[in-house]
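This report refers to the structure that appears directly beneath it.
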Amino acid sequence: YGKQWYQRRVRGKVPAFETKTIQLSTNPPVDARFLSTNRHLAVGYQDGTVKIIDLKSGEATVTVDTKQEITSIGVSPDDKLILTGTPYSAAHLLAVQAGKVICCLTEHPAGYRPVETAPSDSVEHIAFHPSRNLVAVSYTDNKVGLWDTTLQRLRHTLPHPDGVVKSCWAGEAQHLVTCCLDGVIRVWDVDQRETIAEVTGHRDQLLDMKISENLVVTADDSGIVKVFRIS
């Protein structure tokens, strides 16, 4: 597990591409995910609004107001559910066809707001399992929560030593790979709730991660990008 394969410091200009601008709100978009057909885009806006946009027409086909600021967004593999994260640990589960909020997934009581001196517990990333009714929610307060989307309850919590910025399913979705601010990539057996590997090599906080088959690409706060081969 975790052999470093490639490293590069990112510099220079990004190549120019043909683009199409779609602006359906005066509020800034925070996160977006393609639906499975790649013909629609689910966009979460800072004011709590979620829009599903037809990329051909540029019009919103579904609009839902979660009534809370959005920090991240995830779409289920069948495009039936959307989960939106908030700065206060909560995540709102939306039914796409009905165009409404089903429930709020949180361990806190209704109306919870942290005191100003409390550590951040923002929802940073959302990853639906490709075949099970399970979603991994990454929090800045040192954990990943595994939520059952059918029962609408927390199954397990995976503790980390620092905030978690992203998580991805890997190994035919048998394992969860997490990207932590302590600079370490961890591979989890979610059923056993234990780490089976730790990948190190970064000296700064990790900001992003992408998995392609047995390769993990990571980027840190100093501009270093590394590629690890995992097995």
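The values are calculated or read from the model by the stated rules, or taken from the named source; none is laboratory data. Quantities reported herein were computed from a predicted structural model and do not represent experimental measurements. Here Cβ is always computed from backbone atoms with ideal geometry, including for glycine, and neighbour counts include all displayed protein chains. Quick note on the areas: whole protein, heavy atoms, side chains included, nothing else; ligands and nucleic acids left out. Shrake-Rupley method; radii C 1.70, N 1.55, O 1.52, S 1.80 Å.
A few notes on this one:
- Residues (basic (Lys, Arg) and assigned to a loop (DSSP other than H, G, I, E, B)) located in region 115-145: Arg132
- Yes/no for Ile53 being more than 28 Å from Val177 (Cβ to Cβ), modelled with pLDDT under 90 and open to solvent by less than 70 Å² (accessible area, probe 1.4 Å): no
- Those residues of region 150-186 which are at pLDDT 90 or above, within 16 Å of the chain's Cα centre (by Cα) and of a type in the set (A, V, I, L, M, F, W, C), in sequence order: Leu158, Val164, Val165, Cys168, Trp169, Leu176, Val177, Cys179, Cys180, Leu181, Ile185
- Qualifying residue in region 68-83 (condition: surrounded by fewer than 15 Cβ atoms within 10 Å (Cβ to Cβ), of a type in the set (Lys, Arg) and modelled with pLDDT of 90 or more): yes
- Selection of strands (runs of 3 or more DSSP E) fully inside region 146-231 by the criterion of at least 1 residues being surrounded by fewer than 13 Cβ atoms within 10 Å (Cβ to Cβ) returns 153-159, 194-199, 206-212.
- Residue count, region 133-145 (criterion: open to solvent by 10 Å² or more (accessible area, probe 1.4 Å) and aromatic (Phe, Trp, Tyr)): 0
- Residue within region 5-28 that is open to solvent by 70 Å² or more (accessible area, probe 1.4 Å), under 25 Å from His175 (Cβ atoms) and either at pLDDT 90 or above or hydroxyl-bearing (Ser, Thr, Tyr) (or both) present: yes
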